[in-house]
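Just below is one structure, and these are the notes that go with it.
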Amino acid sequence: MKIHTFTKLLICFILAFSFLFPLTSNSGHAAATKIAYVDVSGSLNVRSGPGTSYKKVGSLKDNAKVTVYAKTNNEWAEIRFKKKKAYVATQYLRFYSSISSAEVKRITDRVIAMQRKTWERNYTKKQIFSIMSPGFTTSFIEKFFKQQMRYVGNDKNGNSLYHQIETEVWGYNVDAFDWDLSYSPKKPSAKFYTKSGTQYLIVSQYFYNDMDGNHWSYLYLSRSSSKSNWKVYKNSRKYD
C-alpha cells in the first residue's frame with residue numbers, strides 16, 4: 001500500500017516538474033537572448049514563422065537593433081516585432097562580442113609585420129604572395145602588389161623582382177597602430193562581430209599628422225572560424 005502511494009506521488013511530482021520546466025523543442029536552440037543588428041543593403045523581411053513560406057509581417061531597416069530569443073535549426077532567428085513573436089533570417093544579422101585590447105594588438109601586430117617584411121628587399125611576385133597570404137586575402141594582395149610594388153630587375157634565374165615604391169601615397173600599406181599614444185589621442189578601438197558564421201574585426205584609430213593631415217585609420221579583417229587566421233580584406237583612411 002505504501003509503495004502504491006509512493007508511486008502515485010512520484011508520478012504527480014514528475015508531471016508537475018514537466019509542466020513548470022518543459023523540455024526544449026528540437027526545432028530551436030535554447031540560449032540566452034542576444035542583441036543583433038540588421039545588415040542588409042535595403043530592408044530585411046520579417047515573417048510570422050521560420051521560413052520564406054511564412055507570411056511577411058513587416059520589415060526592418062539596415063542597422064536596426066533586434067533582440068534574438070532563439071535560433072532555429074534552419075538558421076532563422078526568433079525576435080519580437082510589434083510586441084509579437086516573429087522571425088528573420090540570421091544570415092542578415094550581426095552578433096557583436098567583446099574582445100580584449102591585448103588580443104586586438106596581437107592580431108594587428110601580426111599582419112602589419114607580414115606586410116612590413118615585403119619592404120626589406122627585392123622579392124618575386126610569388127614570394128610576396130607567400131609572405132602576405134597568411135594574413136591578407138588574395139584580393140587585397142593583388143591590389144597591394146599593383147599599386148605599391150615596382151619592377152626592379154631579375155634574379156639570377158630570370159625571375160622578375162619587385163620592391164616597394166617610395167611614395168607618399170599610403171594606399172594599401174596598413175597603418176601601424178599607436179598603442180603607446182605617441183601621436184594619437186586615444187588607443188585603437190575595435191568592433192568584433194559574427195555574421196553567417198564568419199567573424200569580422202574592424203580596428204580604428206585617430207591620428208595626428210602634420211604632413212598627411214589628421215585622419216582616422218581603419219583596418220578590416222575576417223576569418224571563417226575561431227581556428228582560422230585573421231586576414232585583412234580592406235584598409236582605409238578618413239581625413240578631417
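Just a few scattered comments:
- Some residue of region 193-204 being in a loop (DSSP other than H, G, I, E, B), under 14 Å from the mean Cα position of the chain (by Cα) and under 27 Å from Glu103 (Cα atoms): yes
- Checking each residue in region 150-166 for being touching a Ser or Thr at 6+ places or on another chain (Cβ under 8 Å), modelled with pLDDT of 95 or more and not small (Gly, Ala, Ser) picks out Tyr151, Asn154, Asp155, Asn159, Leu161, Tyr162.
- Extreme residue, farthest from Trp230 (Cα to Cα), among residues of region 110-145 that are modelled with pLDDT of 95 or more and aromatic (Phe, Trp, Tyr): Tyr123
- Residue match in region 161-168 (condition: charged (D, E, K, R) and either outside any loop (DSSP other than H, G, I, E, B) or buried (at least 17 other Cβ atoms within 10 Å of the Cβ) (or both)): no
- Subset of region 9-60 (residues that are polar (S, T, N, Q) and at pLDDT 50 or above): Thr33, Ser41, Ser43, Asn45, Ser48, Thr52, Ser53, Ser59
- Residue in region 121-137 that is surrounded by the fewest Cβ atoms within 10 Å (Cβ to Cβ), counting only those that are out of contact with any helix residue (DSSP H, G or I) (no Cβ under 8 Å at 6 or more places or on another chain) and β-branched (Val, Ile, Thr): Thr124
- Residue that is nearest to Ser184 (Cα to Cα), among those in region 206-240 that are outside any strand (DSSP E or B) and either in contact with a Ser or Thr (Cβ under 8 Å, 6 or more places away or on another chain) or charged (D, E, K, R) (or both): Tyr208
- Residue check for Phe136: in the same structural domain as Lys61 (by TED's automatic domain parsing) and of a type in the set (Phe, Trp, Tyr): no
The values are calculated or read from the model by the stated rules, or taken from the named source; none is laboratory data. Treat the numbers as computed from the prediction; the structure is a model and nothing was measured. No Cβ is skipped: glycine too gets one built from the backbone with ideal geometry, and neighbour counts run over all protein chains shown.
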